[in-house]
Structure formats: C-alpha cells, structure tokens
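The values are calculated or read from the model by the stated rules, or taken from the named source; none is laboratory data. As the structure is a prediction and not an experimental result, all values here were calculated from the model. Here the Cβ positions follow ideal geometry from the backbone for every residue, glycine too, while neighbour counts run over all protein chains shown. Note: accessible area is taken over every heavy atom of the protein model, side chains too, but ligands, DNA and RNA are not part of it. Shrake-Rupley method; radii C 1.70, N 1.55, O 1.52, S 1.80 Å.
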Amino acid sequence: MKHALTAVLERNTTFTADFATEPYEAGWAREARWFVRTLALEGEEPHLHLATQVSPDGLHWCDDETPVQVTTEPGLVTWRVQEFGHWLRLRATLRGGDPKAKVLIYLALKS
Amino acid sequence: METTHVPADDLRRALIAADPRLSKFNPLPRILAYDEFNTGTHGWCELIGNHDGHGNLDTVDVHMRDFRPPQLSACDFFDIGTHGAMSGNYALKIATRPATGHTAVAIRRLTMAQRGVIQFETYFTYKGEAATEESSLGNSFGDVEWDGNLHPSEAQFGAFTVATDLCDGDGIRYHCVARYQNTDLDNKFTRRWIYPTVPEPTPRENLHNQENLSPTEDFTAPDPKDWRPIDDKPQYLCYNEVPTKVNWHYLRWQFDTRTRTNIELQVNDRVMDMRHVPVPQYADKYEGLENLLNFYVSVRTHSPVRNFLFLDSALISVDW
C-alpha cells in the first residue's frame, strides 16, 4: 500500500506581513498537494500570493516551477506539486493596503 | 492467566535475538507496538489541545495549538546530504520553530487491556538546526566556544521529554514523565534527567485562564520551579559536536499502571531507579478516558534555533 500523510503547517494563523511556512521534509513522497483555507482576508484590495519553494537542505530555498497562486477572498484553494526533491515550504506575500490574512495550510503527501 | 514456562521463554528470547529488527530491543512478554519509520508514522501524530463544539480552532489553548506535525526524515543535512537513520532511511522527526521556548510534540494513543508493567523503548538522537550565514548566532553560545571540536550547536539544544498520559478504570489520571534537560533557560549545560512535581494543566483548568497563557508556555509543567532532578548526576550524551552528525542512543523506560508509579529509566549505559520519583495525580476523577494509554515525545528549544528530536524506531511492550 502507498503511504499518505497530511501535515497542518499553519492553523488559524493571522499574518499581516509576508511569511514562509516551517520547512517540511518529505523526500519519501512522490506527490504533494497544497490546500490553503483562507478564513479571512482583510484590508484594501488584499491579495495573498502563494509560491511553492524547494530546498536541497531545509536551509536555503528557491521557488519551484509551480505557478504562483493568488487568493483575493476567503475560501479554499489547492494545487499540486511533483518532483520537489526532499523539502517543501510555502512562501506567502501579502499585497494591498494593511492586508491581513487568517489561514490554515495543509500539505497532503503520497508516496 | 497462563504463565510462561522457561523453555518457551528461552525460545522467545532466541527468536527476538535472531530478528535484526527486534534484537536491539529488550521487550516485555507482549509487544503492543513496533514502530520503524520506513513504513509511515505508525500513529505518532501532532498533539493539539481541545477545540469547542463548533470546530473553532481559535478555542484551542494558545500554548497547545502549534506542536508541529511530525516528519518522516531521511536526516538530510547541508554538508553531506542524506545521513539516513539507524534501521533504514527514515526516522520520525519532531521539529520546533526557531523561537525560544517553542515546543514540538508527537503523541501515540492507545488504551490498556489490563494494568501492569509497561515499557517504552526507542533509539533516538537530538540536534539543533545547522546555521546559515543569516541565522548564525556566531562561534560562541552558552558555555561553548568553537574550538574545532566543541560546537555552539550543542548549547543551542534545550530539552527533550518522554512522557505518558494515563487514566485507569477508577478515573484516576496521571502522567509519568522524564525529561533530558541539556541546557537551562540561560543556555548553560545541565545535562540532567528531570521530572515534574505537578500534573499537566488541562484545557478545563485553562478555560478561564486564557489571558495568562503564552504560546511558549511549557505545557507539561509551566513553572521551571516545578521540575526536579531524578538524581544529582549529569548524563553526557553523544551530541557529536556538530549539528549534522547523528548518533543513535538507546532509551528504555518502565512504569507500572497497577501501582501508578515509575520503575526505571535506562539511557545507554546508565540505569536510573525511578521508583522514588513521585507521579502526581489529578485531584478530580476523569470520565471518558477509560484505560487511557498515551505516549508522547517532545522537544523544547531554549534558544532561537530549531531543535529536533529524531526517533529511529520505538517499541512498546507490556507484562500482561
């Protein structure tokens, strides 16, 4: 049977500035899927930009080839990632006037 | 109950000795769980505080909502790449945030079919995160000045804990707990095994105490004064100087749910008698936790550096 694991990397966390999730080691997984539940997105024309990042060591990071996701309202967004090496994290950029985002971030992994 | 006779016991021991997976353990007669992390997390999951009837996670105690999801780690490092574990490629990794006082916790939930002696064994290692140019705190930290051998990373590791949450048919709830405190809150080496003298505050106790909780509260026993050394002797473990070398240590811990007491803790060549270590009970009787048998491992950083606890494998056995 294949292995599957869901990790909750942020839980009802409110951000008012750019952030990155904690490093997550997942070299065993062949495929990954991000689920980002935006519970609240406030401010003047707020935008939440979400970029998948990869790393050779869990210390140094760069964006992978996955297109950046843009969220402008509360709700659930998802996208898939493959061939990501051993480490994954999400880099989030907040745009707009006094933006504030409250999010849950799930990483669903399968071998 | 059937009694094991001697030839059967000899055969059992011979079978364990001949099995490369079990031979490194010393199980009691019945193995409840054998966890090798090449085949998943085996039920070790993130601990979280309780939430309300609306599923509102904002109602979780602030110090119990960010214990971090465990990872299946190949022990990857920046200098050599994959280190690998002891029994295979993967270990269970519990990782804190890089925030002083942050705790990460993985829990495994069982119940007791009988009361008796319970033993938890594991091969573990503990590390601070390697530094980068941006995150480095320099060549001097706590008691350590880098001299080519000694490395400041060792002083950046706070503590790890092996613990339980137990409740029996009489509604009596208690925790057997042992913590290796590598450094004190001033980052000075203590290298002591310590235990809490108070039971862990519960969500009900904290329900009307939210304004007094901090996200980095030590949930096992918040007041540092409520911890005592098991004995006066420090234990030197094999950190192996730098943050990127992992050496696996053996830990064996026994307690008795018949008497609700600790028995002993073995860590490599040191066996500590824990019979004198008190196990505080909650004053109130509990409902809904019949025969609760939870194990948790936690790691707590005393510095702004991520701290990691790795388990190569774990074995839970009982005498019933």
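Side notes on the structure shown:
- Within the accessible area of the protein assembly as shown, the carbon and sulfur atoms contribute 49%, probe 1.4 Å, all protein chains present.
- Near B:THR122, once Lys and Arg are set to +1 and Asp and Glu to -1 for all other residues with Cβ below 12 Å from its Cβ, the sum equals -1.
- Where B:ILE31, B:ILE107 fall by accessible area, highest first, once all protein chains stay in place (1.4 Å): B:ILE31, B:ILE107
- Rounded to the nearest Hz, the phi-derived 3J(HN,Hα) couplings of region B:21-27 under the Karplus curve 6.51 cos²θ - 1.76 cosθ + 1.60 (θ = phi - 60°) are 6, 9, 4, 7, 10, 10, x, where x marks glycine and proline.
- Surface accessible to a 1.4 Å probe, B:LYS225 within the full protein complex, Å²: 150 Å²
- Principal axis box of region B:1-98, alpha-carbon based, largest edge first, Å: 58, 47, 19
- Near A:ASP57: Cβ cut-off under 11 Å, other residues only, Lys/Arg at +1 and Asp/Glu at -1. The net charge is -4.
- Solvent exposure of the protein assembly as shown as accessible area per residue, Å², 1.4 Å probe: 45 Å²
- With all protein chains in place and ligands, DNA and RNA left out, the 1.4 Å accessible area ranks B:TYR34, B:TYR174 as B:TYR34, B:TYR174, largest first.
- Excluding ligands, DNA and RNA and using a 1.4 Å probe, chains A and B jointly bury around 2100 Å² of accessible surface, summed across both partners.
- Counting charges near B:GLU46 (Lys, Arg +1; Asp, Glu -1) among other residues having Cβ under 11 Å from its Cβ returns a value of +2.
- J(HN,Hα) series, region B:157-164, from Karplus relation 6.51 cos²θ - 1.76 cosθ + 1.60, nearest Hz, glycine and proline x: 9, x, 7, 10, 9, 10, 8, 9
- For B:PHE141, the solvent-accessible surface computed with a 1.4 Å probe is close to 30 Å², ligands and nucleic acids excluded.
- Using θ = phi - 60° in the Karplus curve 6.51 cos²θ - 1.76 cosθ + 1.60, the 3J(HN,Hα) couplings for region B:192-209 round to 10, 8, 10, 9, x, 9, 10, x, 5, x, 9, x, 5, 5, 8, 4, 10, 10 Hz; x is entered for Gly and Pro.
- Amide H contacts under 5 Å for B:GLU264: B:GLN254, B:MET274, restricted to partners 5 or more places along the chain or on a different chain, H placed in the peptide plane at 1.01 Å from N.
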